[in-house]
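Here's the structure, in structure tokens; my notes come after.
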Amino acid sequence: NKAGAAAKKGALALAAMGSAAIVVGVKWAKMAELAAIADQRIVAIARTMGLFGANTVGVTKRISDYADALERETGVTAETIKAAQAKLLTFRQLAMTADVAGEAFDRATQAAVDMAAAGFGEATTNAVQLGKALEDPIKGVNSLRRSGITFTESEKAKLAVLVQTNRIHDAQRVILTAIETQVKGTAEATAVSTMRMKNGFGEITDAIGTKLIPVMDGFAD
């Protein structure tokens, strides 16, 4: 009787462990799927925009890697950052700079995150506003001013000259520099260690979850 009772307890314990493992596995696989969707969205938009041709995969991987690096610095999830990047990619003049590290596209990505940390709204909303401003600097400056981003008279005069001479990318740099002067580094400065650790662990679980997706598919069948 004692042996039978012990065996029953052991079986129940193993069953519970098995159920827990499945639950964790499903959760990690789902997280990995969400991460993959964020990457796929960027690739799909880049292809639709048709800016990078055969280089599309390489450019979008660089963009995604930048988002992952920014996640580790700021504590903002990579999925949130990539959602902002997807919005920015829909603005052609800005998207044209996405193939160069540290250019306007990367700076706009960080600016959207920093603005959110400074209280200017969500990163994706900021990305749309920034995209409009960098696509049409003259109108965009007025829109950003209404949101609380300020520009000097000298900056506005310089933008007018750059737009008139069709130097759109130089105008983008002026706008981004003005924004960075006011909010750059806010996201990193306000990032708490627990969020950064959580996101770091999230990267690990995404990597494991990616391997688990086909296993879970088979298990579901």
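The values are calculated or read from the model by the stated rules, or taken from the named source; none is laboratory data. Quantities reported herein were computed from a predicted structural model and do not represent experimental measurements. With ideal geometry, Cβ positions are generated from the backbone for all residues, glycine too; neighbour counts draw on all protein chains shown. Note: accessible area is taken over every heavy atom of the protein model, side chains too, but ligands, DNA and RNA are not part of it. Shrake-Rupley method; radii C 1.70, N 1.55, O 1.52, S 1.80 Å.
Taking the conditions exactly as written (of a type in the set (A, V, I, L, M, F, W, C), over 23 Å from Gln85 (Cα atoms) and either open to solvent by 70 Å² or more (accessible area, probe 1.4 Å) or modelled with pLDDT under 80 (or both)), does Val215 satisfy them or not? Taking the combined requirement at face value, the residue satisfies it. Taken over segment 42-55, residues that are in a helix (DSSP H, G or I) and surrounded by fewer than 17 Cβ atoms within 10 Å (Cβ to Cβ) amount to 7. Pairs linking a residue in segment 40-58 that is touching a residue at least 40 places away in the same chain (Cβ under 8 Å) to a residue that is open to solvent by 100 Å² or more (accessible area, probe 1.4 Å), with Cβ atoms under 9 Å and 6 or more positions apart or on different chains, are Met49/Arg92; Leu51/Arg92.
In this entry, Val100 is excluded by the filter for residues that are farther than 24 Å from Thr194 by Cβ, in a helix (DSSP H, G or I) and either open to solvent by 10 Å² or more (accessible area, probe 1.4 Å) or touching a helix residue (DSSP H, G or I) at 6+ places or on another chain (Cβ under 9 Å) (or both). What do you reckon, is Arg196 among the basic types (Lys, Arg), open to solvent by 40 Å² or more (accessible area, probe 1.4 Å), modelled with pLDDT under 90 and farther than 15 Å from Thr80 by Cβ? In short, no. From the list Thr109, Thr77, the one residue that fits, being open to solvent by less than 10 Å² (accessible area, probe 1.4 Å), among the polar types (S, T, N, Q) and in contact with a helix residue (DSSP H, G or I) (Cβ under 7 Å, 6 or more places away or on another chain), is Thr109. Look at segment 79-102: where a residue is over 15 Å from Leu176 (Cβ atoms), no partner that is open to solvent by less than 10 Å² (accessible area, probe 1.4 Å) and of a type in the set (Asp, Glu) sits 6+ places away or on another chain with Cβ atoms under 6 Å.
Out of the residues in segment 21-69 that are among the charged types (D, E, K, R) and modelled with pLDDT under 90, state the one that is farthest from the chain's Cα centre (by Cα).
Checked segment 21-69; the qualifying residue farthest from the chain's Cα centre (by Cα) is Lys27.
Of the candidates Arg173, Arg167, the single residue that is in contact (Cβ under 8 Å) with a residue 40 or more places away in the chain and of a type in the set (D, E, K, R) is Arg173. One residue stands out among those in segment 143-181 that are acidic (Asp, Glu) and open to solvent by less than 60 Å² (accessible area, probe 1.4 Å): the one that is nearest to Ala127 (Cα to Cα), which is Glu180.
Residues in segment 190-203 include none that are free of Cβ contacts under 8 Å to residues at least 24 places away in the same chain and over 30 Å from Ala36 (Cβ atoms).
Being out of contact with any Gly (no Cβ under 8 Å at 6 or more places or on another chain) and β-branched (Val, Ile, Thr) is the filter; apply it to segment 79-102 and report the residue that is nearest to Asp65 (Cα to Cα). My answer is Ile81.
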